[in-house]
Amino acid sequence: MKAVDIASDVRAGRVKARDVLEQHLSVIAERETDVHAFNLVMHDAARASADAVDAQVAAGEDPGPLAGVPIALKDNMCTRRVPTTCSSRILEGWRPPYDATVVTRLYEAGAVVVGKTNLDEFAMGSSTENSAFGATRNPLDLKRVPGGSSGGSAAAVAAGFAPLALGSDTGGSIRQPAALCGVVGMKPTYGTVSRYGLVAFASSLDQIGPFATDVRDAATLLDTIWGHDAYDSTSIPSGYPSLLGDLDGGVRGLRVGIVEELTDVEGIDAEVRAAVQRAADALVAAGATVDRVSVPSTMYGLDAYYLIAPAEASSNLARYDGVRYGMRGAGDDITTMNANTRNDGFGPEVKRRIMLGTYALSAGYYDAYYGQAQRVRTLIVRDFARAYEQFDVLLSPTSPTIAFEFGAKTTDPLSMYLSDVCTIPTNLAGHCAISVPYGVDSVHGMPIGVQVLGRELADALIFRVARALETSAS
Amino acid sequence: MTNSPARLTRADVEHVAKLARLALSEAEIDEFTEQLAGILEHAASVNALDTADVPPTSHPVPLFNVLRADVVRPSADRDEVLANAPESRDDRFVVPRILGEAP
C-alpha cells in the first residue's frame with residue numbers, strides 16, 4: 001500500500017485508519033520475530049492515534065496529508081513519554097520529556113506512529129549489528145544485514161511493517177540501508193529538517209530523512225517534516241523548493257555526471273558498477289546527457305569523516321554521565337561513577353569512536369587530525385562546486401556491495417567503515433542525495449541501490465531524477 | 001604540509017580514556033590501542049593533501065548567531081524531567097561526592 005493512496009482514501013472516508021493500522025500490525029505480528037526491526041511496537045498509542053484520525057474524518061475535519069499512514073521512527077528520535085533508547089543500554093528505559101519537531105509535524109499531518117526502530121547504537125555503524133538489543137535482519141535474506149545505522153527503519157519498510165519510516169543519516173545511515181533492503185532512502189540538504197529531538201551524534205553532519213517503497217511517497221514524507229524550525233539553530237530559514245510540484249517533470253536536457261572516484265574504484269562490486277551504468281543509460285534514453293566527472297577530494301572523504309564525526313560524537317556523548325537521566329554505574333565519587341556508567345553503558349563501537357574523537361581533539365593533536373580534516377572538508381565542498389558548474393546532478397553507487405552476511409565485517413572496524421565511502425562526501429558537503437533501488441545481483445538476488453547526488457537545496461531535482469530512474473526500472 | 005603524528009601508544013589510550021571518562025579494562029586498552037592506531041594511520045592520509053591556504057569548514061550552512069528574543073517561555077515539565085533521574089531529592093539531582101572527603 002502506498003502512503004499517498006492510504007492518506008487519500010482515509011481523508012475521503014473510503015477506508016478507516018484503524019483498519020489500515022490493523023493490517024500492518026498483522027504483518028508485524030507475522031514477521032517481526034524474524035526481522036527484529038523494532039525496539040518497541042506502540043500498539044496502544046498507534047490504535048489511539050488511528051481512532052483519533054477516524055474521529056476527525058467522521059466530524060468532517062481533515063487530519064492532514066499523511067492521514068492514517070503508519071510510520072516507523074528510528075529510536076534516536078525523541079517521542080515524549082515513550083522509551084527512546086538509541087539502541088544503547090545507557091538510555092534503556094529513558095522517556096523523553098518532549099517530542100522531536102519531526103514527530104510533532106507527523107502527528108499534525110495525521111500520521112500514525114507504529115513504533116521505534118532498531119539502529120546501530122547511537123547511530124554509529126553500517127549494519128545494525130552494533131545495537132545493544134540484538135541485530136535487525138534483512139527481510140529479503142535473514143542471513144544478511146539490513147545495513148545501518150537506520151537498519152530497523154529500512155527493514156520495517158522492506159518487510160511491509162509500515163509504508164513509511166524516518167531514519168537519520170550522518171555518513172550514509174539512511175541511504176546505505178535503503179540500498180541493501182531495496183527501498184528508497186533519502187538524505188535531505190543539511191539544515192532542512194529540524195534536528196530538535198534527534199539525539200545528536202555528529203551535529204554538523206546529522207540529518208533526518210525519509211524511507212519509502214517509492215519516490216513519490218518519500219517526497220511526500222519529506223514535504224511534511226521539512227522546513228524552518230526555531231528550535232534548531234542550524235535550521236535553514238528559507239529557499240525550500242517545492243518537492244511535489246514537478247516530480248514527473250523528467251530529465252530532458254539535464255546534465256548528469258558519474259563520479260569517477262566513487263564508481264571506478266577497487267572495492268565497488270562489478271554488478272553494482274554495472275547497475276550505475278544501466279541507470280546512466282536509462283537517463284540518456286530519457287533525454288539527459290551523461291559524462292564522467294572527477295571530484296578528487298571525495299577520495300579523502302572517508303578519512304576526513306573518521307576524524308570529524310568521532311570528534312563531534314565525543315563531545316555530544318559527554319552528556320551521558322549518569323547524573324540526570326539514563327543508566328548510573330557504581331561509584332562513591334563523581335569521577336568513578338561517570339567512568340563506570342559510561343564503560344558499562346556504551347558498547348564497543350561507541351567507545352571506540354569516543355576514544356578516536358577525544359584523541360583527535362586533544363592538545364597537541366587537534367591541528368594535525370581534526371583541523372586538517374576540516375580543511376579537507378573545504379576541499380570537498382570546492383570540488384563539488386566545480387562539478388556542479390558543469391552538471392546538474394551526479395550519479396554513483398550507494399553501497400559498494402550488496403547486503404553482506406552477519407559477522408562479515410565485524411572483526412576489522414576499518415572494513416565496516418568502507419561501506420560508507422560513496423555516501424560520506426554528501427554529508428561533509430551538507431548536500432542532498434537519494435538511493436533508488438535499481439535491479440538485483442545475479443548470484444543472490446539481493447537489491448542494488450544507485451545514488452543520485454545534488455547540491456544544497458537541489459532536493460526537488462534529485463527526487464525528479466530518482467522518479468525517472470524508478471520509472472525506467474519497472 | 002603537516003607531518004603525520006607519531007603512532008598511538010598504550011599510554012595515549014590510557015590518558016584519552018581518562019579524559020573521556022571511560023573505565024576501560026586492561027584487555028580493552030590493548031584492543032583499542034591496536035584498532036585505533038590502525039584507524040588513525042589510515043585517517044592520517046589527509047595529511048597528504050596540500051591545505052596551506054585552505055580555511056577549515058566546521059559547518060556546511062552559513063548561519064551565525066541565530067538568536068531569539070529574550071522572553072520567558074514555558075520549558076520542560078520539572079516532574080517529568082526528574083522522573084528520569086537515577087536519584088533525586090527536593091527537586092535536585094543527587095550525585096556521589098564531587099569534592100574532598102565523604103561527609
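The values are calculated or read from the model by the stated rules, or taken from the named source; none is laboratory data. Every value quoted in this text rests on a predicted model; they were computed, and no experiment measured them. Here the Cβ positions follow ideal geometry from the backbone for every residue, glycine too, while neighbour counts run over all protein chains shown. Surface accessibility is based on the protein's heavy atoms, side chains included, excluding ligands, DNA and RNA. Shrake-Rupley method; radii C 1.70, N 1.55, O 1.52, S 1.80 Å.
Could you list, ordered by first residue, the pairs with Cβ atoms under 7 Å in which the first is in region A:374-391 and within 7 Å of chain B (Cβ to nearest Cβ) and the second is among the small types (G, A, S), at least 6 apart or interchain?
Pairs that qualify, where the first residue is within 7 Å of chain B (Cβ to nearest Cβ) and the partner is among the small types (G, A, S), are A:Q374/B:S58; A:V376/A:S297; A:V376/A:A304; A:R377/A:A304; A:L379/A:S297; A:V381/A:A429.
Condition first: open to solvent by 40 Å² or more (accessible area, probe 1.4 Å), under 31 Å from the mean Cα position of the chain (by Cα) and either modelled with pLDDT under 95 or within 7 Å of chain B (Cβ to nearest Cβ) (or both). Now tell me which residues in region A:323-341 satisfy that.
Of everything in region A:323-341, those that are open to solvent by 40 Å² or more (accessible area, probe 1.4 Å), under 31 Å from the mean Cα position of the chain (by Cα) and either modelled with pLDDT under 95 or within 7 Å of chain B (Cβ to nearest Cβ) (or both) turn out to be A:R324, A:Y325, A:R328.
When you scan region A:244-266, how many residues do you find that are touching a Leu at 6+ places or on another chain (Cβ under 6 Å) and not β-branched (V, I, T)? Steps first, answer last, please.
Taking region A:244-266 and keeping what is touching a Leu at 6+ places or on another chain (Cβ under 6 Å), we get A:251, A:256-259.
Cutting the leftovers down to not β-branched (V, I, T) gives us A:257.
Looking only at that region, the number is 1.
Out of all the residues in region B:18-42, which are touching a Phe, Trp or Tyr at 6+ places or on another chain (Cβ under 8 Å) and part of a helix (DSSP H, G or I)?
Within region B:18-42, the first condition is being touching a Phe, Trp or Tyr at 6+ places or on another chain (Cβ under 8 Å), and the residues that meet it are B:22, B:24, B:36, B:39-40, B:42.
Correct list: B:L36, B:I39, B:L40, B:H42.
Which number in (1) buried (at least 24 other Cβ atoms within 10 Å of the Cβ); (2) out of contact with any helix residue (DSSP H, G or I) (no Cβ under 6 Å at 6 or more places or on another chain) marks the one condition that A:G134 misses?
Among (1) buried (at least 24 other Cβ atoms within 10 Å of the Cβ); (2) out of contact with any helix residue (DSSP H, G or I) (no Cβ under 6 Å at 6 or more places or on another chain), the lone unmet condition for A:G134 is (1).
Which numbered condition in (1) surrounded by 16 or more Cβ atoms within 10 Å (Cβ to Cβ); (2) within 7 Å of chain A (Cβ to nearest Cβ); (3) part of a helix (DSSP H, G or I) is the only one that B:S45 fails?
Condition (1) is where B:S45 drops out.
Every residue in region A:342-357 that is surrounded by fewer than 24 Cβ atoms within 10 Å (Cβ to Cβ) and farther than 18 Å from A:L91 by Cβ, please.
Residue satisfying the conditions is A:R352 alone.
Can you name every one of the strands (runs of 3 or more DSSP E) wholly within region A:362-474 that holds 3 or more residues which are open to solvent by 10 Å² or more (accessible area, probe 1.4 Å), touching a strand residue (DSSP E or B) at 6+ places or on another chain (Cβ under 6 Å) and under 29 Å from A:R278 (Cβ atoms)?
Numbers: elements: A:393-397, A:432-440, A:447-454.
The qualifying strands (runs of 3 or more DSSP E) are A:432-440.
Need the failing condition index for A:A67 against (1) over 22 Å from the mean Cα position of the chain (by Cα); (2) surrounded by 24 or more Cβ atoms within 10 Å (Cβ to Cβ); (3) within 14 Å of chain B (Cβ to nearest Cβ), just the number.
With (1) over 22 Å from the mean Cα position of the chain (by Cα); (2) surrounded by 24 or more Cβ atoms within 10 Å (Cβ to Cβ); (3) within 14 Å of chain B (Cβ to nearest Cβ) applied to A:A67, the lone miss is (3).
Examine region A:85-93 for a residue that is open to solvent by 10 Å² or more (accessible area, probe 1.4 Å) and farther than 30 Å from A:A330 by Cα, and state whether such a residue exists.
So far as region A:85-93 goes, no, none of its residues is open to solvent by 10 Å² or more (accessible area, probe 1.4 Å) and farther than 30 Å from A:A330 by Cα.
Any chance you could count how many residues in region B:27-42 are open to solvent by 30 Å² or more (accessible area, probe 1.4 Å), more than 9 Å from chain A (Cβ to nearest Cβ) and under 30 Å from A:T426 (Cβ atoms)?
The qualifying residues number 1.
Can you find a residue in region B:61-77 that is outside any helix (DSSP H, G or I), open to solvent by 30 Å² or more (accessible area, probe 1.4 Å), within 7 Å of chain A (Cβ to nearest Cβ) and within 30 Å of A:G364 (Cβ to Cβ)?
no
Going through region A:225-242 one residue at a time, which ones are more than 14 Å from chain B (Cβ to nearest Cβ) and surrounded by fewer than 24 Cβ atoms within 10 Å (Cβ to Cβ)?
Matches in region A:225-242: A:G227, A:P241, A:S242.
Exactly one of (1) in contact with a helix residue (DSSP H, G or I) (Cβ under 8 Å, 6 or more places away or on another chain); (2) open to solvent by 10 Å² or more (accessible area, probe 1.4 Å) is unmet by A:L205. Its number?
If we test A:L205 against (1) in contact with a helix residue (DSSP H, G or I) (Cβ under 8 Å, 6 or more places away or on another chain); (2) open to solvent by 10 Å² or more (accessible area, probe 1.4 Å), just (2) comes out false.
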